[in-house]
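One structure is given here, and the rest of the page talks about it.
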Amino acid sequence: MSEENVERGPLRPSAVAGTWYPAEPDRLAAAVDRHLAAVPDGTSPPRPPRAIIAPHAGLVYSGPIAAHAYHTVRDVPYDLAVLVGPSHYVGFDGVSIWPRGAFATPFGPVAIDPVAADRVAAGSSLIRAMPEAHAREHALELQLPFLRRLLPETPIVPLVIGRQVRATIVELADALVATLADQRVLLVASTDLSHFFNRERAQSLDQRVVDHVERFDADGLLEEMERYPAGEFGRYVACGGGAAVAVMYAACGLGASRARVLRRGDSSEVSGDVTCVVGYLAAVME
């Protein structure tokens with residue numbers, strides 16, 4: 001979206017361009033396109049996805065996985081993309097929205113849809129503007145190179161979940177269903193899976209998430225998260241597990257009837273280190 005079409009409002013600067021992904025547009029485009037080109041044919045669903053799950057590590061690590069999710073939405077005429085991710089740096093209750101302006105990327109600004117943002121925020125008292133929750137956060141930013149490359153005219157509503165507790169997750173999902181039913185919306189859940197186990201242990205833990213997603217079982221995934229203390233489920237299950245659950249609930253409420261895991265993997269596929277890995281998942285709900 002061109003800069004003249006961005007409503008006046010705060011520009012959220014890139015926090016990790018130049019470190020987690022290339023800051024130069026040409027280099028970033030080449031990297032994104034390379035990952036997309038490696039996705040096998042035949043992965044696109046028969047109808048436009050209602051939601052995807054994609055990882056948010058450095059592009060070199062998680063890009064090959066994320067590309068499988070984004071390949072399914074190429075050129076789909078969505079009115080809006082709603083991004084939901086965890087807060088890695090700021091602890092708070094509820095959900096932080098960035099309601100105006102745009103997010104900066106090497107490809108240009110990604111505009112916020114202020115009308116949709118206001119509607120979503122009005123859907124729950126838990127959703128409020130809290131810029132500090134977005135300032136350093138990479139979970140949503142890592143989705144933007146793919147979104148800007150494939151859906152360049154689609155505005156966004158960015159949402160960061162603070163403490164990922166059941167009440168917040170469910171209320172967020174309810175707000176999304178109540179406020180977005182009349183739009184062609186893509187829901188994006190940003191999450192990595194288990195963190196810093198050896199590859200064998202990580203694959204065992206990640207399989208539990210895969211199974212719940214494949215069954216479109218948001219209840220089961222939430223219960224899996226709740227098996228661990230609040231400070232530990234991000235390591236054993238998924239750092240953005242609450243985002244995935246909220247998006248699964250919302251996708252179901254907005255008409256999705258099934259989910260498919262498109263690709264899973266981990267950081268060792270790039271680093272070669274199988275002693276300490278981070279797991280990744282790409283999935284689609286349609």
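The values are calculated or read from the model by the stated rules, or taken from the named source; none is laboratory data. Everything numeric in this text was worked out from a predicted model, so none of it was measured. Note that we place each Cβ from the backbone using ideal geometry, even for glycine, and neighbour counts take in every protein chain shown. The protein model used for the area step is the full one, side chains on, heavy atoms only, and it has no ligands, DNA or RNA in it. Shrake-Rupley method; radii C 1.70, N 1.55, O 1.52, S 1.80 Å.
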Karplus 3J(HN,Hα) series, Hz, for the stretch 49-58 with 6.51 cos²θ - 1.76 cosθ + 1.60 (x for Gly, Pro): x, 7, 7, 9, 10, 9, x, 9, 7, x
GLU24 and ASP182 label points (each 7 Å along its Cα→Cβ direction) are spaced in nm at 4.8 nm
Write down the Å³ per residue value for the convex hull defined by the alpha carbon atoms of the stretch 179-224. 106 Å³
Value at 222 nm in deg cm²/dmol, rounded to 500, when DSSP H runs of n ≥ 4 in the chain each add -39,500 (n - 2.57): -10500 deg cm²/dmol
Need one number: % antiparallel among DSSP beta bridges in the chain, to the nearest 5. 45 percent
Of ALA259, SER124, ALA167, whose Cα points farthest to the positive end of the dipole of the chain (charges on the beta-carbon: +1 Lys, Arg; -1 Asp, Glu; origin at the Cα centre)? ALA259
For percent of Cα pairs over 33 Å apart, pick the label among [x] 24; [y] 38; [z] 12 that corresponds to the value derived from the coordinates. [z]
Given a 1.4 Å probe and every protein chain left where it sits, what share in percent of the accessible area of the chain is carbon and sulfur? 51 percent
Go ahead and set up a Gaussian network model of the chain, Cα springs under 10 Å, then flag whichever of ASP206, ASP41, ASP26 fluctuates most. ASP41
Can you tell me the FRET efficiency between ALA129 and VAL60 if r is taken as the Cβ-Cβ distance and R0 is 35 Å, rounded to the nearest 0.05? 0.60
Along the charge dipole of the stretch 135-286, which of GLN183, PRO155, TYR236 sits closest to the positive end, that is, farthest toward it, with unit charges on the beta carbon of Lys, Arg, Asp and Glu (+1, +1, -1, -1)? PRO155
In a shell of Cβ-Cβ distance under 12 Å around SER190, excluding SER190 itself, what net charge do Lys and Arg (+1) and Asp and Glu (-1) give? -3
If I take all pairs of Cα atoms in the stretch 1-134, what percentage of them are more than 26 Å from each other? 30 percent
Of CYS252, CYS276, CYS239, ordered by accessible area with the largest first and a 1.4 Å probe, the sequence is CYS252, CYS276, CYS239
Using Cα pairs under 8 angstrom and six or more residues apart, how large is the relative contact order of the stretch 79-204, in percent? 44 percent
Cα-based Rg of the stretch 163-286 per 2.2 N^0.38 Å, rounded to two decimals? 1.06
At 1.4 Å probe size, with every protein chain present, just tell me what the per residue accessible area of the stretch 111-200 comes to in Å². 36 Å²
Under a point-charge model restricted to the Cβ atoms of Lys and Arg (+1) and Asp and Glu (-1), what is the dipole moment magnitude of the chain relative to its Cα centre, in debye to the nearest 20? 100 debye
Determine the relative contact order of the stretch 42-104: mean sequence separation of Cα pairs under 8 Å and six or more apart, normalised by residue count, in whole percent. 30 percent
√(5λ) per eigenvalue of the Cα gyration tensor, the stretch 236-286, largest first, Å: 28, 12, 5
Which residue fluctuates the most in the chain, going by a Gaussian network model with Cα springs under 10 Å, if the choices are ASP33, ASP273, ASP93? ASP273
